[in-house]
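S.K.: Before anything else, here's the structure in question.
The values are calculated or read from the model by the stated rules, or taken from the named source; none is laboratory data. Quick caveat: nothing in here was measured; it's all calculated off a predicted structure. Heads up, the Cβs are rebuilt from the backbone with ideal geometry, glycines too, and the neighbour counts pull from every protein chain shown.
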Amino acid sequence: MKIGFVGLGQMGSAMARNLIAAGHEVTVWNRSGAKAAPLVGLGATQAATPAQAAGGAEIVATMLADDKAVEDVVFGAGGLLAEAKCHVSMSTISIALAERLTAAHAESGGSLVSAPVFGRPAAAEAAKLFIAAAGPSEALAACAPAFEAVGQRVFTIGETPSAANLVKLSGNFMIMAAIEAMAEAMTLAEKGGVARETLLEVLTGTLFGSPVYQIYGDILAADRFRPAGFAAPLGLKDMRLVGAAAEAARVPMPLLGVVRDHLLAAIAQEGDEIDWSAIALPIRRGAGLG
Ligand code: NAP
């Protein structure tokens, strides 16, 4: 099928590559145009604007950093709004923006599917993403071949696009909370003379044998925070979006404040180019470990 793909960062580049590999006719656009070159080498067409990437495509997917980036490519100069038949928004964005996009696409005669993903860049490369999708049922059906090419499983959340964004934000909050718990426990174990790897082996081999503890446990045990698979400022953005959703719904989330402050400390101490799991560093320093 004809697919437009906008946003060729760590996640988007891998996803676009898998769409091409699955035989789809892909037109790509990225703000920094040079990132399109490897995909053009694989058979993609490079568009001059997001609107051009959407024009003539059955669906146009966006995989961009944040709300501002999505607003720019949808509503800005050369934006895709007027051209998009079905906009598949796969970035992690706010509930408020998902609602605004839903209304804007309906008004311009198109539709919005919210389809944020779970999985780090390695999962994107292996076409093993988990997709939480919500939108009108015909639009979801139109997206199915593209989802199959980039993911291992699609969870259909319902007809209201923003519901999928709520699932994604809730999930990222839980990942952060799991990293926080592991980092605190590893610090306690290490200070008491138990190696982080030993603690991880016992816990993932007993009660905590789930991907989030395995994947992030390995990163924490090895201090593998660079290069960032998911950059800490993007994690901070997600915790801000969780906070906005919680405030709007009048839901106290005290743990959110803890992980947000550790993210801020990690960024302040280590800079922007670090993985969000580096919240382990300020936690360790707080215990007097280097
Ligand atoms: P990334 O590597 O930082 O890529 C960000 C993309 O957004 C780039 O294509 C960048 O363009 C573009 N962009 C930023 N600001 C823009 C603007 N104002 N106008 C147009 N384009 C703009 O990020 P990523 O890791 O691929 O993440 C993309 C999305 O997926 C984020 O919403 C993130 O929260 C979500 N996500 C990430 C992961 C992960 O583990 N990495 C997992 C699940 C979900 P340039 O190339 O020109 O900078």
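S.K.: Here are Ala244, Ala228: which of them is within 15 Å of Ala278 (Cβ to Cβ), at pLDDT 95 or above and within 18 Å of the chain's Cα centre (by Cα)?
M.R.: Ala228
S.K.: Further question on the same structure: Hey, Ala189 hits all of (1) surrounded by 19 or more Cβ atoms within 10 Å (Cβ to Cβ); (2) touching a Leu at 6+ places or on another chain (Cβ under 7 Å); (3) not hydroxyl-bearing (Ser, Thr, Tyr) but one; which does it fall short on?
M.R.: The failed condition is (1).
S.K.: Can you spot a residue in segment 88-100 that is under 21 Å from Gly23 (Cα atoms) and not in a loop (DSSP other than H, G, I, E, B)?
M.R.: yes
S.K.: Now for a different question. Return the residue satisfying two criteria in turn: it lies in segment 103-149 and is among the charged types (D, E, K, R) and more than 15 Å from Pro161 (Cβ to Cβ), and of such residues it is farthest from the ligand (Cβ to nearest atom).
M.R.: Ranking the candidates gives Glu148 first.
S.K.: To continue, here is another question. Consider Glu159 carefully, then state whether it is more than 17 Å from Leu19 (Cβ to Cβ), in contact (Cβ under 8 Å) with a residue 60 or more places away in the chain and away from the ligand (no atom under 16 Å from the Cβ).
M.R.: no
S.K.: Kindly list, by first and then second residue, each pair from a residue in segment 17-36 that is without any contact (Cβ under 8 Å) to a residue 60 or more places away in the chain to a residue that is away from the ligand (no atom under 15 Å from the Cβ) and among the charged types (D, E, K, R), limited to pairs with Cβ atoms under 6 Å and residues at least 6 apart or on different chains.
M.R.: Glu25/Lys2
S.K.: Report, ordered by the first and then the second residue, all pairs with beta carbons closer than 6 Å, sequence separation of six or more or different chains, a first member in segment 42-56 that is among the small types (Gly, Ala, Ser), and a second member that is part of a loop (DSSP other than H, G, I, E, B) and surrounded by fewer than 18 Cβ atoms within 10 Å (Cβ to Cβ).
M.R.: Note: pairs meeting the criteria are Ala51/Gly78.
S.K.: Pick from segment 32-59 the residues that are in a helix (DSSP H, G or I) and surrounded by fewer than 21 Cβ atoms within 10 Å (Cβ to Cβ): which of them is nearest to the chain's Cα centre (by Cα)?
M.R.: Lys35
S.K.: I've got another one for you. Could you tell me whether Val258 is modelled with pLDDT of 95 or more, within 15 Å of the ligand (Cβ to nearest atom) and assigned to a helix (DSSP H, G or I)?
M.R.: no
S.K.: Go through segment 80-102 and give me each residue that's surrounded by fewer than 19 Cβ atoms within 10 Å (Cβ to Cβ) and either within 16 Å of the ligand (Cβ to nearest atom) or at pLDDT below 95 (or both).
M.R.: Ala96
S.K.: Taking helices (runs of 4 or more DSSP H) that do not extend beyond segment 146-232, which have at least 1 residues that are under 25 Å from Pro116 (Cβ atoms)?
M.R.: Output list reads 161-191, 211-222.
S.K.: Pick out the one residue from Ala266, Ala228, Ala249, Ala232 that is more than 15 Å from Ala181 (Cβ to Cβ) and without any contact (Cβ under 8 Å) to a residue 12 or more places away in the chain.
M.R.: Ala249
S.K.: Would you confirm, using the coordinates I've provided, whether Ile20 is in contact with a His (Cβ under 8 Å, 6 or more places away or on another chain) and away from the ligand (no atom under 15 Å from the Cβ)?
M.R.: no
S.K.: Mind listing whichever residues of segment 66-78 are touching a helix residue (DSSP H, G or I) at 6+ places or on another chain (Cβ under 6 Å) and either surrounded by fewer than 19 Cβ atoms within 10 Å (Cβ to Cβ) or farther than 16 Å from Pro161 by Cβ (or both)?
M.R.: Of everything in segment 66-78, those that are touching a helix residue (DSSP H, G or I) at 6+ places or on another chain (Cβ under 6 Å) and either surrounded by fewer than 19 Cβ atoms within 10 Å (Cβ to Cβ) or farther than 16 Å from Pro161 by Cβ (or both) turn out to be Asp66, Val73, Gly78.
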